[in-house]
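Here's the structure we're looking at; comments come further down.
The values are calculated or read from the model by the stated rules, or taken from the named source; none is laboratory data. As the structure is a prediction and not an experimental result, all values here were calculated from the model. Positions of Cβ are backbone-derived with ideal geometry, glycine not excepted, and every protein chain shown enters the neighbour counts. When the accessible area is computed, the model is the full protein with side chains, heavy atoms only, and any ligands, DNA or RNA have been set aside. Shrake-Rupley method; radii C 1.70, N 1.55, O 1.52, S 1.80 Å.
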Amino acid sequence: SQQGEEDPQALSIQEGENATMNCSYKTSINNLQWYRQNSGRGLVHLILIRSNEREKHSGRLRVTLDTSKKSSSLLITASRAADTASYFCATAPRGATNKLIFGTGTLLAVQP
Amino acid sequence: DVKVTQSSRYLVKRTGEKVFLECVQDMDHENMFWYRQDPGLGLRLIYFSYDVKMKEKGDIPEGYSVSREKKERFSLILESASTNQTSMYLCASSFRGKWQETQYFGPGTRLLVL
């Protein structure tokens, strides 16, 4: 089964609202990363949070990590139509050098 | 800016054909990866390479092989294409750091096997 499971699978909001996506995983990790994929394109890295960090910000993005619950959340504030994309979490398992394990993604639709 | 390029955006092949997908990165990254992406299954790792001529199997290597003769180029080979290999193929690269680093992706190749 997937190391990273995103929730919800799909999310539809209005422009200006906040969007929250969650990721749960099973094993110990070195870090957790979030990526965005616009329709039919490659993935773009958004943010990386290390296992000893609890929260990280980048522009309108806020990521939290709770290693005791093995979960992370990605918050996009004041969403824009251009944020419409699929969002993936990727976990870096401890002991699996160089590899990331990607979840199945959350499809976010921001209505103008 | 890191640039990862893939040789084709769209490819149509016949069952049984040998298919080559090429990936080139310009950032001197040690690691390179090939994934396939299918609806509902996310990204699945096919093969990765952490150095020239080095390769390791990912989660779904069956039916695929790879070649890394130069640091900047990583090729995925479908020896005899089958319809169940119709998919989106994504190449990525990263530095080989102490821990797993950010991966940089190419635009993807959408392969249709008829």
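List of remarks:
- Residue within segment A:39-47 that is within 8 Å of chain B (Cβ to nearest Cβ), touching a residue at least 12 places away in the same chain (Cβ under 8 Å) and not aliphatic (A, V, I, L, M) present: yes
- Selection within segment A:51-94 - more than 30 Å from B:ARG9 (Cα to Cα), surrounded by 14 or more Cβ atoms within 10 Å (Cβ to Cβ) and within 13 Å of chain B (Cβ to nearest Cβ): A:SER51, A:GLU53, A:PRO93, A:ARG94
- Any hit, segment A:32-44, residues being open to solvent by 60 Å² or more (accessible area, probe 1.4 Å) and modelled with pLDDT under 95: yes
- Residues that are aliphatic (A, V, I, L, M) and open to solvent by less than 20 Å² (accessible area, probe 1.4 Å), drawn from segment B:23-62: B:MET32, B:LEU43, B:LEU45, B:ILE46
- The residue that is most open to solvent (accessible area, probe 1.4 Å), among those in segment B:88-114 that are within 14 Å of chain A (Cβ to nearest Cβ) and over 24 Å from A:GLN33 (Cα atoms), is B:ARG110.
- Selection of strands (runs of 3 or more DSSP E) fully inside chain B by the criterion of at least 2 residues being without any contact (Cβ under 8 Å) to a residue 40 or more places away in the chain returns B:42-49, B:64-70.
- Residues of segment B:16-56 that turn out to be closer than 16 Å to A:LYS99 by Cα, more than 9 Å from chain A (Cβ to nearest Cβ) and small (Gly, Ala, Ser), as a count: 1
- Filter result for the condition that a residue is over 15 Å from the mean Cα position of the chain (by Cα) and hydroxyl-bearing (Ser, Thr, Tyr), over A:SER28, A:SER58: A:SER28
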